[in-house]
Amino acid sequence: MARKVILTGDRPTGKLHIGHYVGSLKNRVELQNSGEYDTYIMIADMQALTDNARDPEKIRNSLLQVAMDYLAVGIDPEKSTILVQSQIPALSELTEHYSNLVTVSRLERNPTVKSEIRQKEFGKSVPVGFFTYPISQAADITAFKADTVPVGDDQEPMLEQTREIVRSFNSIYKQDILVEPQGYFPPKGMGRIPGLDGNAKMSKSLGNAIYISDDADTVKQKIMSMYTDPNHIHIEDPGQVEGNVVFTYLDIFDEDKKKVQELKDQYSHGGLGDVKIKLYLNEVLQGVLEPIRQRRSVYEQDPAAVYDILKKGSEKANIVANQTLQEVRDAIGINYFN
Ligand code: TRP
């Protein structure tokens, strides 16, 4: 049986935060270490440029930051191929071939793209490249014949679009070249971590994130500013656990579930102060982030080594993607000279 293949990636538009860590990075490291997959992890700078064409410097800087975040959380270049999307020309040609199989109205129905268009306030000025990025993402996935795509659930529409393209392609050109991917989603409730302010989403633009690269003092300061229960004024007052970000984080990061339950009980009866639970969360989270920070600092001192990892990964990825492109050209019949 052929080996299973993973392809996943991120847009380099900033440093990664602990929401990325619990929502996907942690998962990827586990999959990588299972040894059951060929794993490709893509820094999707082309996709990032679809709505940042006027600020390429941001993408360029973020590329290195994201690569260091990957290496820091334990993505291992010996086990996973880390590649840079813009350095794989075959992806652009695949995108062009697939564009002919997708209608404008189909793209207009993509719920994730729709909500991004609203959120980014494009109005009538949606860049064509942004509008069509689901097609380019189908190229990313199929170029490596990935069957498994570990992502957050907002990416399901991209996977559905990819499967449709694969089915169209394979049926029109009567070949079984492309592979239909399945999403691999984090267990329900584990994928999302709220922002420091209690907003359901942690994001750079909302300014409510803890970054993987934040130093210990910054993390502590952010935890001390966290949203708890606005009605919990005196220590002896009963406090609300649901929707209290400190407890949500403890549920995610603290292995000691019994201790968390005790704290919750005490908090909801009254007699446990916010400062105390925040200091406890700080201890727990620093324990998770400290080894990551240490690994990151080694790479921060040697960006050339990081670029070298990306270069080698991209070289390897080019071989695979070029092979798929050749098969696609052959299937369409645009191989006149061989
Ligand atoms: N769209 C993804 C995101 O915004 C990034 C991405 C680009 C991706 N290409 C991919 C994810 C291929 C999985 C597979 O996070």
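The values are calculated or read from the model by the stated rules, or taken from the named source; none is laboratory data. Treat the numbers as computed from the prediction; the structure is a model and nothing was measured. Cβ coordinates were reconstructed from backbone atoms using ideal geometry, including for glycine residues, and neighbour counts include every protein chain displayed. Heads up: the accessible areas ignore ligands, DNA and RNA and are worked out on the full protein's heavy atoms, side chains in. Shrake-Rupley method; radii C 1.70, N 1.55, O 1.52, S 1.80 Å.
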* From the options E78, E121, residue that is away from the ligand (no atom under 14 Å from the Cβ), acidic (D, E) and modelled with pLDDT under 95 -> E121
* Residue list for region 136-187, filter: closer than 22 Å to Q87 by Cα and either among the acidic types (D, E) or not assigned by TED's automatic domain parsing to the domain that holds L91 (or both) -> D140
* Subset tally (residues that are of a type in the set (S, T, Y) and crowded, with 16+ Cβ neighbours inside 10 Å) for region 273-330 -> 4
* Out of curiosity, is V260 farther than 20 Å from E78 by Cβ and open to solvent by less than 70 Å² (accessible area, probe 1.4 Å)? -> yes
* With respect to I193, determine if the residue is under 30 Å from R163 (Cβ atoms), surrounded by 18 or more Cβ atoms within 10 Å (Cβ to Cβ) and of a type outside the set (G, A, S). => yes
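Here's the yes/no breakdown for (1) under 22 Å from Q323 (Cβ atoms); (2) in contact with a Gly (Cβ under 6 Å, 6 or more places away or on another chain); (3) open to solvent by less than 10 Å² (accessible area, probe 1.4 Å):
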residue	(1), (2), (3)
F144	yes, no, yes
V149	yes, yes, yes
D154	no, no, no
I165	yes, no, yes
P181	yes, no, yes
* Using the structure shown, decide if G270 is touching a Ser or Thr at 6+ places or on another chain (Cβ under 7 Å) and either surrounded by fewer than 17 Cβ atoms within 10 Å (Cβ to Cβ) or farther than 30 Å from I88 by Cα (or both). => no
* Say whether the condition of being among the β-branched types (V, I, T), within 12 Å of the ligand (Cβ to nearest atom), out of contact with any Phe, Trp or Tyr (no Cβ under 6 Å at 6 or more places or on another chain) and open to solvent by 10 Å² or more (accessible area, probe 1.4 Å) is met by at least one residue in region 9-27. => yes
* Structure fact -> Scanning region 202-224 for residues that are in a loop (DSSP other than H, G, I, E, B) and open to solvent by 90 Å² or more (accessible area, probe 1.4 Å) gives K204, S205
* Asked: How many residues does region 131-142 contain that are near the ligand (Cβ under 8 Å from one of its atoms) and open to solvent by 10 Å² or more (accessible area, probe 1.4 Å)?
  -> 2
* Across region 30-58, which residue is farthest from the ligand (Cβ to nearest atom) among those that are aliphatic (A, V, I, L, M) and either touching a Leu at 6+ places or on another chain (Cβ under 9 Å) or open to solvent by 20 Å² or more (accessible area, probe 1.4 Å) (or both)? -> A53
* Quick check: is even one residue across region 77-90 open to solvent by 20 Å² or more (accessible area, probe 1.4 Å), more than 23 Å from K311 (Cα to Cα) and without any contact (Cβ under 8 Å) to a residue 40 or more places away in the chain? -> no
* Structure fact -> Pairs returned, first residue in region 196-222 that is at negative phi and among the small types (G, A, S), second residue that is assigned to a strand (DSSP E or B) and open to solvent by less than 40 Å² (accessible area, probe 1.4 Å), beta-carbon separation under 6 angstrom, 6 or more apart or interchain, are A209/H17
